[in-house]
Amino acid sequence: MPLQLWISVVELSCFAGLIALGFFLVLRGADLFMFALGPLAMFGAMFGAYMVSRNGWPVALAVVVGVVIASGLSVASELLVVRPIHRRTGGEENPSIVAIVAVLFLLEQLAGTLFGRRPLPGSALWRDSFTVGGAVISGQAILLVAVCLLAFGGVAWWLRGSATGRMLRAVGDNERAAAILGIPVAKVRMVAFAMAGALAGIAGALFATKGGVTFTSGLQWTLVGFLAVIVGGLGSVWAPLVGAVIVALLQTWTVYKFGQAMEDYVTFAVAFLFFALRPKGIFQTKVRI
């Protein structure tokens, strides 16, 4: 593939990796697939783009407020939707997943109503670009890669080096045992949702400049992040990023060789293979006895 496509692979990998990291945190802290992360990324990105293009906000301010909103909506989803269902069903997963899918479509329609149903151009924090070997690398792409690596490194340290991070891992391993030991399960779950929402908001804001954002972007972004965490697994904090690289490489290569129409077929084929042959991903969680 041309060098320019390899740069696109890196960008898509970092974007999908950040959303997949959000999936990872909620899975580890609440044992739930947070399918609304794609729409949260979309909502934050559309908010920022709308405020910059229509109201003249500074880009940095619009991005920060968009990330805060995405994080707040994620916490609201946990407090108002997931937690009541979790209590009524005794922790059963399926009702909460159905509710989260409903939140996904609610956020899409809300974004379309508030920000319009036409695509909005993303707002770049770093507008410079550089030419390397005939390929153009935007400053926004460099920023996306740097933020992605910092996010993964920071979360890895936080999970191992902080009390809250260790509590999150304990809750994810066994929620009932964690509650018996006095761990504030509700607080830990809320932290997981807040961090996941913030990561989604950051991913959306930094990636939207690639091709703009519309209110229907959320579902596609959810699928990319979901597939990345399925391929990578939960055995390591860095596993979602590995999965994201594989997914991004396969999607980009497929479009390059066979056209856009084949991208969805390959994506679902990869998902099917992993669900059938390695449902826990490449890096599987080790169970200590």
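The values are calculated or read from the model by the stated rules, or taken from the named source; none is laboratory data. This is a predicted model, so every value here is computed, not measured. We place every Cβ from the backbone using ideal geometry, glycine too, and count neighbours over all the protein chains shown.
Okay, here's what the table says:
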| read-out | value |
| --- | --- |
| Some residue of region 153-164 being among the polar types (S, T, N, Q) and surrounded by 14 or more Cβ atoms within 10 Å (Cβ to Cβ) | yes |
| Residue tally, condition farther than 23 Å from ALA276 by Cβ and among the β-branched types (Val, Ile, Thr), over region 215-256 | 4 |
| Of residues in region 122-147 being exposed (fewer than 14 other Cβ atoms within 10 Å of the Cβ) and touching a strand residue (DSSP E or B) at 6+ places or on another chain (Cβ under 9 Å), the one nearest to SER53 (Cα to Cα) | ARG127 |
| Residue in region 197-206 that is closer than 20 Å to SER162 by Cβ and without any contact (Cβ under 8 Å) to a residue 12 or more places away in the chain present | no |
| Of the criteria (1) among the polar types (S, T, N, Q); (2) out of contact with any Phe, Trp or Tyr (no Cβ under 9 Å at 6 or more places or on another chain); (3) farther than 28 Å from VAL229 by Cβ, which one THR113 fails | (2) |
| All helices (runs of 4 or more DSSP H) inside region 34-132 with 1 or more residues being without any contact (Cβ under 8 Å) to a residue 12 or more places away in the chain, within 15 Å of THR216 (Cβ to Cβ) and not aromatic (Phe, Trp, Tyr) | 93-115 |
| Yes/no for ILE69 being at pLDDT 95 or above, surrounded by fewer than 23 Cβ atoms within 10 Å (Cβ to Cβ) and either within 30 Å of ALA177 (Cβ to Cβ) or of a type in the set (A, V, I, L, M, F, W, C) (or both) | yes |
| Those residues of region 155-183 which are among the small types (Gly, Ala, Ser), under 15 Å from SER236 (Cβ atoms) and without any contact (Cβ under 8 Å) to a residue 40 or more places away in the chain, in sequence order | GLY165 |
| Among (1) of a type outside the set (Ser, Thr, Tyr); (2) under 20 Å from the mean Cα position of the chain (by Cα); (3) surrounded by fewer than 16 Cβ atoms within 10 Å (Cβ to Cβ); (4) over 23 Å from LEU104 (Cα atoms) - the single one PHE258 does not satisfy | (2) |
| All positions within region 171-183 that are part of a helix (DSSP H, G or I), touching a helix residue (DSSP H, G or I) at 6+ places or on another chain (Cβ under 6 Å) and either modelled with pLDDT of 85 or more or β-branched (Val, Ile, Thr) (or both) | VAL171 |
| Selection status of LEU37, surrounded by fewer than 24 Cβ atoms within 10 Å (Cβ to Cβ) and in contact with a helix residue (DSSP H, G or I) (Cβ under 8 Å, 6 or more places away or on another chain) | no |
| Matching option when the condition is in contact with a Lys or Arg (Cβ under 9 Å, 6 or more places away or on another chain), in a helix (DSSP H, G or I), at pLDDT 80 or above and among the aliphatic types (A, V, I, L, M), among VAL242, VAL231 | VAL231 |
| Residue match in region 109-121 (condition: exposed (fewer than 14 other Cβ atoms within 10 Å of the Cβ) and among the aromatic types (Phe, Trp, Tyr)) | no |
| Counted residues, region 13-33 - those being closer than 16 Å to GLN220 by Cα, under 9 Å from the mean Cα position of the chain (by Cα) and not β-branched (Val, Ile, Thr) | 7 |
| All positions within region 123-146 that are touching a Cys at 6+ places or on another chain (Cβ under 8 Å) and β-branched (Val, Ile, Thr) | VAL145 |
| Selection status of LEU150, surrounded by 13 or more Cβ atoms within 10 Å (Cβ to Cβ) and part of a helix (DSSP H, G or I) | no |
